[in-house]
1. With the checklist (1) outside any helix (DSSP H, G or I); (2) touching a strand residue (DSSP E or B) at 6+ places or on another chain (Cβ under 9 Å) in hand, flag the one item residue 97 doesn't pass.
2. Out of curiosity, is residue 234 more than 14 Å from ligand 1 (Cβ to nearest atom), buried (at least 24 other Cβ atoms within 10 Å of the Cβ) and farther than 22 Å from residue 315 by Cα?
3. Residues of segment 122-139 being crowded, with 17+ Cβ neighbours inside 10 Å and within 14 Å of ligand 1 (Cβ to nearest atom), which ones?
4. Within the bounds of segment 254-265, is there any residue that is surrounded by fewer than 21 Cβ atoms within 10 Å (Cβ to Cβ), on the phi > 0 side of the Ramachandran plot and away from ligand 1 (no atom under 16 Å from the Cβ)?
5. Here is a list: 178, 173. Which entry is outside any helix (DSSP H, G or I) and under 30 Å from residue 74 (Cβ atoms)?
6. Can you tell me which residue within segment 153-182, out of those that are touching a helix residue (DSSP H, G or I) at 6+ places or on another chain (Cβ under 7 Å) and within 16 Å of ligand 2 (Cβ to nearest atom), is farthest from residue 254 (Cα to Cα)?
7. Working only within segment 147-161, note down all residues that are more than 10 Å from ligand 1 (Cβ to nearest atom) and in contact with a strand residue (DSSP E or B) (Cβ under 7 Å, 6 or more places away or on another chain).
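The values are calculated or read from the model by the stated rules, or taken from the named source; none is laboratory data. From a predicted model like this one, the values you see are computed outputs, not experimental measurements. With ideal geometry, Cβ positions are generated from the backbone for all residues, glycine too; neighbour counts draw on all protein chains shown.
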Ligand SMILES: Nc1ncnc2c1ncn2[C@@H]1O[C@H](COP(=O)(O)OP(=O)(O)O)[C@@H](O)[C@H]1O
Ligand SMILES: [Mg+2]
């Protein structure tokens with residue numbers, strides 16, 4: 001089979017790496033891909049938002065399965081276009097992807113289907129939002145731009161003044177543009193975060209192993225939120241009892257709700273959770289694999305991923321004889337970023353040490369943003385540059401393996417958190 005992966009980040013590199021190992025696959029294409037991806041897939045220069053270009057390519061190459069990585073094309077309806085053209089596609093419909101694309105919709109869905117989450121209120125009117133804050137002066141609140149904001153639209157507000165500013169920035173100041181025209185204000189929940197991903201074709205759910213990401217830019221969870229600075233799997237707070245609750249109260253319920261409301265969903269459903277003393281609570285759902293959670297997850301997955309993706313895309317998960325098999329050892333990913341990421345950053349720095357850092361089955365350097373020039377040398381090409389990922393006997397051992405590699409890998413301005421998994 002020919003497979004087309006859409007996207008250009010560390011997540012897509014991890015997916016291409018895993019898909020390329022499948023016995024069912026002849027060629028993996030990636031649109032547009034990146035330097036590192038070109039080692040495992042044939043990169044084609046078609047952007048994620050070029051729907052006609054992607055469709056033409058898939059039809060002309062007789063692609064048997066399209067796997068859509070990022071949320072933007074899913075929320076724009078790319079999966080619907082492939083499906084309408086008769087191409088099997090892993091990724092939910094535009095209406096299904098709204099579970100991520102609109103945090104306001106997500107909260108309404110949770111309410112309608114009794115899915116546990118923080119108390120939440122939605123506003124598009126500045127006066128009403130400020131009035132609400134006035135009457136909740138003493139509560140710690142979280143203000144969220146409702147739409148897609150590349151992981152940067154959530155403000156944890158320490159006090160009333162910060163909450164007022166966050167709301168005004170969105171509803172009046174145009175921060176986050178259209179994505180901030182509606183805000184969701186939430187009760188602040190205390191606990192341990194867990195990411196739980198499941199494959200679903202709308203009828204059957206196949207939960208994957210848990211993961212924990214690290215969103216803050218600096219050690220000690222300080223600094224602004226980023227796309228993700230590292231991840232480990234499994235998540236420390238994911239005990240079997242919690243996972244059972246998540247599956248029945250949070251994953252099954254959401255799929256049931258989406259399907260009942262006529263929203264087609266064939267892809268990954270990702271639940272971002274806070275495990276509180278009262279049980280797991282939904283912070284958000286995502287409509288795709290996490291980045292960087294996918295990197296440590298694929299390295300633990302022993303089974304072939306392609307039959308799972310393919311059965312999801314074709315609505316045949318029920319027919320699979322077994323779920324995925326996992327390496328019982330934990331895994332970790334440390335993301336190396338450029339200079340000032342997530343602020344302005346410079347690109348085009350030569351990367352050295354990739355050949356000498358000891359990559360093998362237990363250590364893989366996935367590329368998040370690199371370019372491979374004709375001389376075969378890699379250069380940085382994004383804010384997140386490399387996702388160094390390892391499996392080890394313990395989380396500590398896996399993380400140490402990543403840091404050993406990062407002792408050897410160099411590029412001008414390289415930076416990474418030194419406390420992943422701690
Ligand atoms: N209600 C909440 N209480 C406490 N922390 C929260 C809450 N909502 C979000 N957060 C924190 O903010 C981060 C980002 O929020 P999330 O809803 O996942 O949005 P996104 O990933 O789109 O930025 C979460 O990973 C969590 O650390
Ligand atoms: Mg999140």
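1. (1)
2. For residue 234, the condition - more than 14 Å from ligand 1 (Cβ to nearest atom), buried (at least 24 other Cβ atoms within 10 Å of the Cβ) and farther than 22 Å from residue 315 by Cα - is not met.
3. 122
4. yes
5. Values: 178 fails: outside any helix (DSSP H, G or I).
Result: 173 is the single residue among 178, 173 that is outside any helix (DSSP H, G or I) and under 30 Å from residue 74 (Cβ atoms).
6. Here the residue is 176.
7. Passing the criteria: only 157.
For every residue, the table says whether it meets (1) in contact (Cβ under 8 Å) with a residue 12 or more places away in the chain; (2) within 16 Å of ligand 2 (Cβ to nearest atom); (3) closer than 20 Å to residue 91 by Cα.
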residue	(1), (2), (3)
263	yes, no, yes
281	yes, yes, no
289	yes, yes, yes
311	yes, no, yes
331	yes, no, no
